[in-house]
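Engineer: I have a structure I would like to understand better, so I am pasting it below and will then ask my questions one at a time.
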Amino acid sequence: MARALWGGSLSFGLVNVPVQIVSAVRDVDLHFRQLHETDKAPVETKRWCSQEDKEVPWEAIMRSYETSSGKTVIVTDEDLDAVEPRKTRTIDIAQFVDLAEVDPIYFDRPYWLVPAGDDEGATRAYKLLLGVMQSTDHAALGSFVMRAKEHLAIVRARDGALTLTTMRFHDEVRSTKDVPSASGKSTKPTKKELDTAVALIEALSEEWDPAQHEDRYRKRLQKIVRDKRKGKTIEIPDDEKSEAGPPPDLMAVLKEALAAAKK
């Protein structure tokens, strides 16, 4: 069972809802340990001084920041303490927004927001906020402090519970002006190309079902581990090499894809 990562209250207006934060995702990737090839002993990572060529203990380590001009600025623990956000146990809701207006590019990490304890009043307040969110399709924007960092967060209803998703700040999202060719001049597609592309999208459109999609790389990796455990030889498939050629006839490719989709 997932353990609570944070406990406190969600506050909006004069209402305080005791809640806990539980991770909404789990790590299912395969993690490997590094071993020394000759004796299969685990390899350790040590902090090493490049000038004195010796290991450095934690208490002798300090932080630095390199500026754009190449200067090094030493930052002490006291400096960090001066800007560390005030530790609170409150998710402060600043406003409610239409969920459809929030661009998913700002979403970061999802959590479940659950009632804290068995108090009947806390559960009633939680259910009230959940009911409001479900009936209005609104989400709550606020901020809270977790692990010495202040987070922007959005709270919304999902599957009969509240979720909290930490969000990226606006200056963390790169503009298309900074992305090569994303905002540059390009040849405008013809109406026939657009109509064919729209027809292709409609032919491939289905209801969203997350169970239809799986991590195929992880499945193959798990099979390799099982086969290696049984002493089987792993065969490396031949790489399919593709040679660069002239640009394809876009209209012909769209028509071919559309015909295949309709089948």
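Every read-out reported here was derived from the displayed coordinates using simple, explicitly stated rules and does not represent laboratory data. Please read all numbers here as calculations on a predicted model, not as lab measurements. Cβ atoms come from the backbone with ideal geometry, glycine included; neighbour counts cover every protein chain shown.
Engineer: Past the 26 Å Cα-Cα mark, which pairs from 46/230; 40/228; 46/228; 54/87; 191/255; 191/262?
Structural biologist: Long pairs (Cα-Cα over 26 Å): 46/230; 46/228; 54/87.
Engineer: Let me ask another. Rounded, prolate or oblate: pick one for the chain, where a ≥ b ≥ c are the square roots of the eigenvalues of its C-alpha gyration tensor, a/c under 1.5 means rounded, and failing that, prolate if a/b is larger than b/c, else oblate.
Structural biologist: Verdict is oblate for the chain.
Engineer: Name the residues of segment 98-139 whose amide N is less than 20 Å from a point 7 angstrom out from the Cα of residue 178 along the C-beta direction?
Structural biologist: Taking a point 7 Å out along Cα→Cβ of residue 178, the residues of segment 98-139 whose backbone N falls under 20 Å are 103-109.
Engineer: Provide the net charge surrounding residue 256, with neighbours chosen by a C-beta distance below 14 Å and charges set as Lys +1, Arg +1, Asp -1, Glu -1.
Structural biologist: Here the count lands on +1.
Engineer: What ranking do 48, 6, 208 get, fewest neighbouring Cβ atoms within 10 angstrom at the top?
Structural biologist: Listing 48, 6, 208 from fewest to most nearby Cβ atoms yields 208, 48, 6.
Engineer: A follow-up question, please. Over segment 20-111, what is the relative contact order in whole percent, taking alpha-carbon pairs under 8 Å and six or more residues apart?
Structural biologist: Here the relative contact order equals 26 percent.
Engineer: Another question about this same structure. When the distances between all Cα atoms of segment 42-180 are binned every 10 Å from zero, what whole-number percent does each bin get?
Structural biologist: Bins of 10 Å from zero give 9, 26, 25, 20, 14, 6, 0 percent of pairs.
Engineer: Below 15 angstrom from the Cβ of residue 198, what's the summed charge of the other residues (Lys, Arg +1; Asp, Glu -1)?
Structural biologist: Cβ neighbours under 15 Å give a net charge of +1.
Engineer: To the nearest 0.05, what FRET efficiency results for residue 198 and residue 235 with a Förster distance of 41 Å applied to their C-beta separation?
Structural biologist: Efficiency at R0 = 41 Å is approximately 0.45.
Engineer: Sticking with this structure for a sec: Starting from the 7 Å offset along Cα-to-Cβ, what nm value, one decimal, do you get for the label separation of residue 148 and residue 30?
Structural biologist: Each label point lies 7 Å from its Cα, and together they span 3.6 nm.
Engineer: Take peptides 74-85, 11-22 and line them up by average Cβ neighbours within 10 Å, highest first, as a rough protection proxy.
Structural biologist: Highest mean packing first, the order is 11-22, 74-85.
Engineer: Another question, then. How about residue 232: which lysines have a C-alpha closer than 19 Å to its C-alpha, ignoring those fewer than 8 places off in the same chain?
Structural biologist: 219, 223
Engineer: If you average the alpha carbon positions of segment 1-38 and of segment 158-226, how far apart do those two centres end up, in angstrom?
Structural biologist: About 25 Å separates the Cα centre of segment 1-38 from the one of segment 158-226.
Engineer: Here's a follow-up. How would you rank 175, 23, going from fewest to most other Cβ atoms within 10 Å of each one's own Cβ?
Structural biologist: 175, 23
Engineer: Moving on to the next point. Add -39500 (n - 2.57) for each DSSP H run of 4 or more in the chain, then divide by its residues: what number comes out at 222 nm, to the nearest 500 deg cm²/dmol?
Structural biologist: -8000 deg cm²/dmol
Engineer: Quick one, could you list the DSSP H helices from the chain stretching 15 Å or more along their long axis (Cα atoms) with average Kyte-Doolittle hydropathy of 0.5 or above?
Structural biologist: Going by DSSP H runs, the hits are 250-262.
Engineer: Right, something else. Applying 1/(1 + (r/R0)^6) with R0 = 51 Å to the Cβ-Cβ distance of residue 75 and residue 15, what FRET efficiency is obtained, to the nearest 0.05?
Structural biologist: According to the calculation, E is roughly 0.80.
Engineer: How large is log10 I(q)/I(0) at q = 0.13, 0.14, 0.22, 0.24 Å⁻¹ when the Debye formula is applied to the Cα atoms of segment 1-76, each weighted equally and without solvent?
Structural biologist: Relative scattering, expressed as log10 I(q)/I(0), comes to -0.92, -0.95, -1.02, -1.10.
Engineer: Determine the relative contact order of the chain: mean sequence separation of Cα pairs under 8 Å and six or more apart, normalised by residue count, in whole percent.
Structural biologist: 17 percent
Engineer: How much length is gained if the chain between residue 3 and residue 45 is pulled fully straight, taking 0.36 nm per residue apart and subtracting their Cα-Cα distance, in nm to one decimal?
Structural biologist: 12.2 nm
Engineer: Please report 136, 72 as a ranked list, fewest other C-beta atoms within 10 angstrom at the top and most at the bottom.
Structural biologist: Taking fewest neighbouring Cβ atoms as first place, the list is 72, 136.
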